[in-house]
Amino acid sequence: MTAEHPLPHYHSFAHEAAKRLGFSYDETSPEWVHPAMHLVLLLAPALLAVFAGYLLIRAFRLRRRPPSASQALPASGSVAGLDRNLLAHIVRTTRRQQFPLLVLSLSLLPVLYLSLELPKQIVNNVLSKSHAPLNLLGYDLSAAQHLAVLSGVFLLAITLNGAGKYLLNVLKGRLAERCLRRLRLHIYRHWRKQTGRTRKSELVQIPGQEAEPIGGFAADLAALPVTQGGTLLTILLFMFIQDPILGAAALTILPLQLFLLPYLQRIVNRLSRERIQEMRRLARSLAGQLNPELDYPGEVLATAAALRQLEAIRRRIHRVKFFAKALNNFLTALTPFLFYSLGGYFVLEERITLGALIAVLAAHKDFSAPLKELFRFYQQHEDTRIRYKEILIFLAGPDGAVKNTPDDCI
């Protein structure tokens, strides 16, 4: 009996959690309901709590870790006039332009919630057989008139949402180009001051290919987390209001995504560093071949070998990136399975209405998009952080102090 005690205790804990959320199930419920409730109410929240604790402990250790002598920041805290921290550089140079983006991003969230709520109201209050006349400004509206009013408000909501996103993207593009122009000018001016260096041949590549993603990340720094994170929270709030258990079901797959995707991103980071260094070596080799007196036949073979190495690195990057994308799409597609099964069962038990289930399914369709954007933002931050570090190494010179800078400082 003692060996079987933990399972009934775990089972009763799941029953108690469901009961607190207003749902009671027993032996008469379908057998598949029990493991589904255990997964949604116990296992997934426990994994999320463990992962959140891991992140807090890791951040605390990184903050408390004493830097070695080779990793210590200079007294000025900058390299060639640039902040050693990418985020600090972006905030210092674009903080005035970030504020309108932040305000506009927040203003889109109430419109988003309205666009989620209206379809449910149309299904439950207009299309249902128990429709009651609506009194609006002293006028009694029929079902057709009620439908026209709600449809008009829905059209207005999606129009405002689309116009707001267009304006947001225009402002983001303006900020990105301005930030990129300033960074390119800074790199160019610093390069002009340093004469007689072999690193000159890399100038064309650095302000172009290596610096360009930093401008896009600067535009996304405040707007994307607020817009996409706010969209995610708004959709979650809507789901929890419809039914807390279905809201919890939307988070079931999230622990796996939070664990696997950053692990794959670290592999991409390592390969990106190799690619940047290989591109630098290729640029120096090609620059040396511009002088006919220094051009040797062996340089052709070396260049071909470098191109093959670049191809191999990029193919590995593509494989890891596409695997991460496919894995994320597969995990995201698993959540509707819980909605159709648990949500359908709740409709049969009259716990929720059919309109609420349809609204939750429609909301989850929009739920995966901001989640993907937030993962993309994380990948973008890692990529631009590496590029920014390589730019600092270029500006600091062969003996620059940033070569041993840990990744957490950039």
Looking at residue 51, is it in a loop (DSSP other than H, G, I, E, B), surrounded by 11 or more Cβ atoms within 10 Å (Cβ to Cβ) and at pLDDT 65 or above? no
From the set of residues in segment 166-204 that are hydroxyl-bearing (Ser, Thr, Tyr) and more than 30 Å from residue 105 (Cβ to Cβ), which is modelled with the lowest pLDDT? 198
Residues in segment 31-39: is at least one modelled with pLDDT under 75, under 30 Å from residue 349 (Cα atoms) and aromatic (Phe, Trp, Tyr)? no
Note: among 233, 307, 251, 334, just one is open to solvent by 50 Å² or more (accessible area, probe 1.4 Å), closer than 30 Å to residue 23 by Cβ and modelled with pLDDT of 80 or more, namely 233
Here is a list of conditions, (1) exposed (fewer than 11 other Cβ atoms within 10 Å of the Cβ); (2) at pLDDT below 80, and residue 82 meets all of them except one; can you say which number that is? (1)
Return yes or no: is residue 294 open to solvent by 40 Å² or more (accessible area, probe 1.4 Å), closer than 30 Å to residue 192 by Cα and at pLDDT 75 or above? no
Residues being out of contact with any Leu (no Cβ under 7 Å at 6 or more places or on another chain), closer than 21 Å to residue 335 by Cα and assigned to a helix (DSSP H, G or I) - total across segment 14-39: 6
Write out, first by first residue and then by second, each pair whose Cβ atoms fall under 9 Å of each other, whose residues are 6+ apart or on separate chains, and whose first residue, in segment 349-362, is at positive phi and surrounded by fewer than 21 Cβ atoms within 10 Å (Cβ to Cβ) while the second is in a helix (DSSP H, G or I) and among the β-branched types (Val, Ile, Thr). none
Could you tell me which residue of segment 92-131 is nearest to residue 237 (Cα to Cα), considering only residues that are in contact with a His (Cβ under 8 Å, 6 or more places away or on another chain) and buried (at least 17 other Cβ atoms within 10 Å of the Cβ)? 125
Members of segment 363-384 that are hydrophobic (A, V, I, L, M, F, W, C), crowded, with 16+ Cβ neighbours inside 10 Å and within 14 Å of residue 335 (Cβ to Cβ): 363, 367, 371
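The values are calculated or read from the model by the stated rules, or taken from the named source; none is laboratory data. What you see is a predicted model, and the numbers here were worked out from it, not measured in a lab. Don't worry about glycine lacking a Cβ; one is built from the backbone with ideal geometry, like all the others, and counts go over all protein chains shown. These accessible areas exclude ligands, DNA and RNA; they are computed on the full protein's heavy atoms, side chains included. Shrake-Rupley method; radii C 1.70, N 1.55, O 1.52, S 1.80 Å.
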